[in-house]
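The values are calculated or read from the model by the stated rules, or taken from the named source; none is laboratory data. On a predicted model such as this, the values are computed, not experimentally measured, just so you know. Every residue, glycine among them, receives a Cβ derived from its backbone with ideal geometry; neighbour counts consider all protein chains shown.
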Amino acid sequence: MIDLASLYIKWPMALILLAIPAGLLLALARAASARPSPAAANAGRLSRLLLIAGMALLVVALGRPIARSWMPAAVDRLVIAIDSSASMRADDVSPSRIELARRSARQLIAAMPLSANVTLVASAANASVVQQATRNREALHGALDRLALQPGSALGSAIAVSLANLLPEAKIDVSAFGLQAPRRGAQAGRDEPFARPDPPVEPGSRRDALIVVLADGDSNFGPDPRMVAQIAAAWGVRIYTVGIGTLQGAVLRSDGFSARVRLEEKALREIADVSGGEYFSIGERDELHRVYQSLSGRIGLRKQREAEITSAVAAIGMMLIVLAALLNVMRVGRIT
């Protein structure tokens, strides 16, 4: 779709020639006001107007008009970060949180264009890449099948690892992230363990890459996930969070101990809000399709492209001139 408001002329000096059709239009208007013509002469006036409009468009074409157009664009890079902590064993959603997370990831992968590179990150007490960026869907599904649950939950680490793999240019030093916050001066000459974009960008403005987090929201290891989400915001990367579980939760029993694990929505909402993304909740199986239908609509991105439309403008101008000639032929039997 062409954005007419963004139209500009590459050779504006050529527009001086618009004085010719403008003068002809003025003369035609004066003649019409001085000598009112009968209704039968309307076709003659129309043919002259079409001729003048065609000439004006040909002059505009000489100026080489440029238009910006918005085109649908696929997400080029996606990171899916999956919570693989022990709390994902809970069965407050059927068949379990981790199985629903796997199913959610598969649906998202299936919705992505084949040209998109997808990375899988898993997080328990630590976060790691379980599948490097690839277009191979079988490799992604195999990595999902191999996910193993472990104690601990480091949601902030998952986001940090996701960003490090998504944006090498951000130079994120994952090892510099302590239990609560990144160490200051982690590298010589740097105040922060990551680079900032120059010039700065608006949160959520990046159009080719994003992160989707599938988690129950619990985080008891690693850095504060909201703080790491601010790094994503600084680079314009949106984080969409999908809550897996229910607010009522379920009781997990292990080695004689029992604990109720609930969906922690607050942290997931804040992560999404900080980065310019959005939070979704999957509490029941029949909600899965609705959530991903909504999510796919929100991650549909657009890219801007500049294109010279000289030939199109010239073609319209010639069509108007030919139409004016045809009207004259029909009216008086000759072109002029």
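As a summary of the residue check, residue 242 satisfies the conditions (1) more than 15 Å from residue 272 (Cα to Cα); (2) in a strand (DSSP E or B); (3) of a type outside the set (S, T, N, Q) except for the one numbered (1). Against the criterion of being assigned by TED's automatic domain parsing to the domain that holds residue 270, touching a residue at least 60 places away in the same chain (Cβ under 8 Å) and surrounded by 18 or more Cβ atoms within 10 Å (Cβ to Cβ), residue 140 does not qualify. Counting the residues of region 193-214 that are within 14 Å of the chain's Cα centre (by Cα) and of a type in the set (A, V, I, L, M, F, W, C) gives 4.
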